[in-house]
Amino acid sequence: MLAGGLLMSEIHEPVMIAEIVELFAIVPNGVLLDATLGMAGHATAILRRHAGLHVVGIDRDMMAIEHAIEVKNSLGDADARRFTAVHARFDRAADVLGRLGITRLSGALFDLGVSSPQLDTADRGFSYRTDAPLDMRMDRSETLSAWHVVNEYDADTIAELLQRNADERFAKRIAAAIVAARPISSTMQLAAVVTAAIPAATRRSGGHPAKRTFQAIRIEVNAELDILSTSLRDVMAMIEPRGRIAVLSYHSGEDRIVKNVMREAEVDSSRPNIATPFAHPSRTAPRAWRKVRVAKHPSTAEQQRNPRASSARLRAMERCEMPL
Ligand SMILES: C[S@@+](CC[C@H](N)C(=O)[O-])C[C@H]1O[C@@H](n2cnc3c(N)ncnc32)[C@H](O)[C@@H]1O
């Protein structure tokens with residue numbers, strides 16, 4: 001809770017909120033998984049719009065779960081009964097749901113990456129704008145922090161992760177500068193080392209020079225890309241006909257994984273139908289998933305209001321009715 005009695009979710013506008021709420025407005029009654037609960041902005045808006053849904057929200061950050069308890073207390077009794085928050089990583093979603101007796105989903109939402117409160121809480125070490133110890137762990141009970149990556153990884157490994165996680169053009173130069181400047185203990189010190197490693201002419205364009213390095217290190221610390229495809233596949237396997245999945249990603253590496261998993265779901269289901277091998281060879285099995293037409297990016301107005309939303313990319317799919 002912040003000053004003035006407002007919840008953080010009432011201050012931070014959830015990304016593409018209108019589009020997300022409409023996407024799930026027509027799914028069948030049942031359970032919706034919010035795999036990245038954050039400040040529960042999407043979760044509560046979906047809950048209010050669709051009276052037949054129970055929302056199970058999970059987040060690996062205890063700060064989000066503590067906030068979710070405040071959100072639950074602020075809801076009316078009927079809505080509060082339809083909202084459950086659990087501290088977990090989304091690759092454990094099927095287990096979490098199983099323990100709640102849930103085997104089928106009407107929908108699932110993944111709003112990937114870091115939340116505004118994580119960025120804005122200085123001592124979490126996610127931001128290059130405020131000085132803090134190098135941390136960046138979404139789950140503070142885990143052991144690998146940004147300090148270990150910055151001070152213990154060799155230069156080749158750092159260069160490789162800057163390239164893979166943030167398409168950083170100056171990956172090798174930055175990695176060499178980090179290794180030369182050790183020990184590096186704070187976010188501002190790291191930001192200064194990175195800025196000095198980037199050619200002066202390039203520093204003036206494309207946002208803060210340390211932005212990509214911070215993103216790449218955060219993704220490494222939280223193994224964000226490693227668990228994404230299996231998590232999406234596991235959750236999609238639980239979604240029932242006419243149920244939907246929506247994913248908001250914030251950089252090309254993430255979006256590539258989402259696109260591949262969704263494409264694979266579409267393509268797999270349109271292979272020749274092996275259940276009826278004597279059917280005409282051109283006959284294909286009914287599609288199990290179809291893409292949902294939806295805006296790909298936030299509107300210009302939203303991007304102006306909320307610059308953090310500007311890199312968002314939305315993809316959504318619906319499970320088709322399968323004839324018995
Ligand atoms: C962009 S925020 C979500 C914001 C949320 N949709 C809202 O309306 O407030 C992403 C959240 O996902 C969480 N998160 C990221 N990766 C996760 C993972 N693998 N498992 C569980 N939570 C994760 C982060 O801790 C963060 O709180």
Report summary line: When the range 158-189 is checked residue by residue, the ones that are touching a Gly at 6+ places or on another chain (Cβ under 7 Å) and open to solvent by 10 Å² or more (accessible area, probe 1.4 Å) are 164
Query raised in the report: From the list 76, 57, 98, which one is within 12 Å of the ligand (Cβ to nearest atom) and either open to solvent by less than 50 Å² (accessible area, probe 1.4 Å) or at pLDDT below 95 (or both)?
Result: 57
**Report entry** 3 or more residues of a type in the set (A, V, I, L, M, F, W, C): qualifying helices (runs of 4 or more DSSP H) within the range 13-108
**Finding:** 17-25, 41-49, 62-74, 93-99
Requested in this report: Identify, from the list 112, 119, the residue that is at pLDDT below 95 and on the phi < 0 side of the Ramachandran plot.
Outcome: 119
Report summary line: residue 290 passes all but one of the listed conditions (1) at pLDDT 95 or above; (2) part of a strand (DSSP E or B); the exception is number (1)
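The values are calculated or read from the model by the stated rules, or taken from the named source; none is laboratory data. All values reported here derive from a predicted model rather than from experimental measurement. Glycine gets a Cβ as well: all are built from the backbone with ideal geometry, and neighbour counts include every protein chain shown. Surface accessibility is based on the protein's heavy atoms, side chains included, excluding ligands, DNA and RNA. Shrake-Rupley method; radii C 1.70, N 1.55, O 1.52, S 1.80 Å.
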